[in-house]
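Report on one structure; see the data block that follows.
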Amino acid sequence: MEKFLLFTPGPVNVATNVRTSISKEDICHREIDFDKLLQSIENKLLKLFEIRDEAKYRAVVITGSGTAANEAILSSVVGNKNILILSNGEFGERLHAISIIHNTNTSLLAFQWGESLDTNVIDLYLQQHDIDVIAMVHHETSSGMLNPLDQIGALSKRNGSLFVVDCVSSAGAETIDMEKDNIAFCSSSSAKAIGSYPGLSFVIGETTEFEKLKMLPVKTAYLNLYKFYKFLNTYSQTPNTPAVPLFFALEEALINILKEGVANRHSKIRRKATFLREGMLNLGLKFLLAPKDMCSVLTTVFVPPHINIDILREKLRDKSIIIYEGKGCFKGRVFQVGNIGELSRKEILFFLATQGNILRDCEVEAPTNVTSILGDIPLQPLIINEKTLVSENSV
């Protein structure tokens with residue numbers, strides 16, 4: 001292959017126009033050129049999230065990873081109130097680790113990695129404790145679990161709590177209805193399903209909630225969320241020097257999504273996930289989660305017996321294919337295959353064929369009764385030939 005194929009949840013292979021956009025003209029971040037660029041990005045971010053009343057929301061862009069956006073929220077919105085972190089994986093735990101640095105009144109309601117958030121348990125906890133802010137991860141990347149925004153949003157509304165959500169791995173791939181689900185602030189990143197380069201993150205929030213931050217104690221300098229909002233609102237700029245080339249790239253990635261249509265982009269990612277999952281089931285592989293719990297961004301796969309995950313990753317890398325290994329309690333037990341970014345149907349077929357060859361070389365016996373995740377239709381052996389290479393638009 002001429003490039004690495006990034007079958008990961010991020011970074012991803014980017015589109016050609018995104019790659020070339022970082023070489024645009026040099027501009028000063030304190031001039032009108034950048035003002036217009038930032039305004040354009042903000043407008044497109046609000047459209048990406050399909051916000052119906054855009055006048056009620058603002059989007060600030062931060063030079064930093066998705067964790068920077070999360071820390072900006074957690075250090076800025078709580079003040080001296082009580083915050084509850086919901087966790088069922090590594091990134092929920094990361095929210096908790098960040099919060100306890102800035103907020104001494106942080107509580108954690110932890111579920112097992114890969115376990116669904118139990119709304120009955122959460123509801124009971126809220127009834128028994130005074131909670132002002134609830135924070136959670138939408139797509140828990142460590143397992144591939146998609147957590148329910150609507151259910152937790154309804155609980156937060158009934159409890160009168162501010163609801164903040166880490167959407168770093170879900171924005172651009174999953175529906176996020178901030179208005180319906182009572183989300184005051186959400187975070188995300190440029191480098192995942194949005195399809196740009198790493199290095200930028202953003203926070204979308206209700207304008208009224210941004211304004212309230214002015215009255216809260218400042219707990220961090222660079223990641224002061226109100227300061228980002230104030231500079232955006234007053235100057236259409238960022239408070240510190242931004243990574244300007246990455247802003248150009250983010251703009252192009254957002255143009256690509258909006259040109260395609262947000263719903264169409266979501267459907268395309270789901271089709272890629274289904275195609276990959278069908279192919280891996282054909283190879284006898286088994287998944288960590290039930291289909292109803294899976295996100296559309298990646299698939300978490302059990303490592304077959306007698307397979308060393310380091311050897312599997314090394315052999316795939318020899319073919320320019322990059323996958324994730326499991327972390328935490330999943331380390332050595334699972335690997336993860338992403339399906340976002342610029343991965344063509346032909347490249348997905350190449351990955352499946354390569355993976356199949358490696359599994360056969362390692363003498364792993366595949367089950368003979370594997371069925372489709374989409375129903376009870378028996379799957380056929382994967383055959384790579386010209387007829388399988390149909391239009392790219394089908395994926």
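The values are calculated or read from the model by the stated rules, or taken from the named source; none is laboratory data. Predicted model, so just to flag it, every value in this text is computed and none were measured. Note that each Cβ is placed from the backbone with ideal geometry, even for glycine, and that neighbours are counted across all protein chains shown.
Quick one: would you say Ser187 is among the polar types (S, T, N, Q), within 12 Å of Ala59 (Cβ to Cβ) and surrounded by 16 or more Cβ atoms within 10 Å (Cβ to Cβ)? Steps first, answer last, please.
On the way: among the polar types (S, T, N, Q): yes; within 12 Å of Ala59 (Cβ to Cβ): yes; surrounded by 16 or more Cβ atoms within 10 Å (Cβ to Cβ): yes.
So Ser187 passes the test.
Ser143: part of a helix (DSSP H, G or I) and among the small types (Gly, Ala, Ser), yes or no? Before you say what the answer is, go through the steps one by one.
Numbers: part of a helix (DSSP H, G or I): no; among the small types (Gly, Ala, Ser): yes.
It is false that Ser143 is part of a helix (DSSP H, G or I) and among the small types (Gly, Ala, Ser).
Return yes when Pro245 is of a type outside the set (Ser, Thr, Tyr) and not in a helix (DSSP H, G or I) and no when it is not.
Working: of a type outside the set (Ser, Thr, Tyr): yes; not in a helix (DSSP H, G or I): no.
It is false that Pro245 is of a type outside the set (Ser, Thr, Tyr) and not in a helix (DSSP H, G or I).
Among the residues of region 86-94, is any under 19 Å from Gly328 (Cβ atoms) and free of Cβ contacts under 8 Å to residues at least 24 places away in the same chain?
Taking region 86-94 first, the residues under 19 Å from Gly328 (Cβ atoms) are 86-94.
When the remaining residues are screened for being free of Cβ contacts under 8 Å to residues at least 24 places away in the same chain, the result is 93.
Yes: one or more hits.
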> Could you list, in sequence order, the residues of region 1-22 that are loosely packed, with under 13 Cβ neighbours inside 10 Å, of a type outside the set (A, V, I, L, M, F, W, C) and in a loop (DSSP other than H, G, I, E, B)?
Replying inline: Glu2, Lys3
> Within region 36-54, is even one residue over 25 Å from Thr175 (Cα atoms), at pLDDT 95 or above and not assigned by TED's automatic domain parsing to the domain that holds Thr300?
Replying inline: yes
> Of the residues that make up region 127-143, is at least one surrounded by fewer than 24 Cβ atoms within 10 Å (Cβ to Cβ), among the acidic types (Asp, Glu) and closer than 21 Å to Asn182 by Cα?
Replying inline: yes
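Every residue, every condition in (1) within 30 Å of Leu250 (Cα to Cα); (2) buried (at least 17 other Cβ atoms within 10 Å of the Cβ); (3) small (Gly, Ala, Ser), yes or no:
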| residue | (1), (2), (3) |
| --- | --- |
| Val61 | yes, yes, no |
| Ala68 | yes, yes, yes |
| Gly89 | yes, yes, yes |
| Ala97 | yes, no, yes |
| Ile100 | no, no, no |
| Thr106 | no, yes, no |
| Phe111 | no, yes, no |
| Gly114 | no, yes, yes |
>> Between Leu276, Leu254, which is part of a helix (DSSP H, G or I), assigned by TED's automatic domain parsing to the domain that holds His29 and crowded, with 16+ Cβ neighbours inside 10 Å?
In response: Leu254
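Out of the residues in region 77-99 meeting the condition of being β-branched (Val, Ile, Thr) and under 23 Å from the mean Cα position of the chain (by Cα), tell me which one is farthest from Val137 (Cα to Cα). Step through it out loud before you land on a result.
Our first condition is that a residue be β-branched (Val, Ile, Thr); within region 77-99, this holds for 77-78, 83, 85, 98.
Going one step further and asking which of them are under 23 Å from the mean Cα position of the chain (by Cα), we end up with 77, 83, 85, 98.
On the way: Val77: 16, Ile83: 14, Ile85: 9, Ile98: 13 Å.
Taking the candidates together, the pick is Val77.
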>> Kindly evaluate Phe185 against the criterion of being among the aromatic types (Phe, Trp, Tyr) and in contact with a helix residue (DSSP H, G or I) (Cβ under 7 Å, 6 or more places away or on another chain).
In response: yes
>> Any residue that is of a type in the set (Ser, Thr, Tyr) and either under 20 Å from Phe202 (Cα atoms) or touching a residue at least 40 places away in the same chain (Cβ under 8 Å) (or both) - is there at least one of those in region 265-283?
In response: yes
> Which number in (1) touching a residue at least 60 places away in the same chain (Cβ under 8 Å); (2) over 15 Å from Gly10 (Cα atoms); (3) not charged (D, E, K, R) marks the one condition that Ser296 misses?
Replying inline: (2)
> Somewhere in region 34-54, is a residue among the β-branched types (Val, Ile, Thr) and touching a residue at least 60 places away in the same chain (Cβ under 8 Å)?
Replying inline: yes
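Return a yes/no flag: does region 229-238 have any residue that is within 14 Å of the chain's Cα centre (by Cα) and touching a residue at least 12 places away in the same chain (Cβ under 8 Å).
Taking region 229-238 first, the residues within 14 Å of the chain's Cα centre (by Cα) are none.
No, the conditions are met nowhere in region 229-238.
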> Within the set of pairs 6 or more residues apart or between chains, which connect a residue that is small (Gly, Ala, Ser) inside region 133-153 to a residue that is part of a helix (DSSP H, G or I) and surrounded by fewer than 24 Cβ atoms within 10 Å (Cβ to Cβ) with Cβ atoms less than 6 Å apart?
Replying inline: Ser142/Glu90
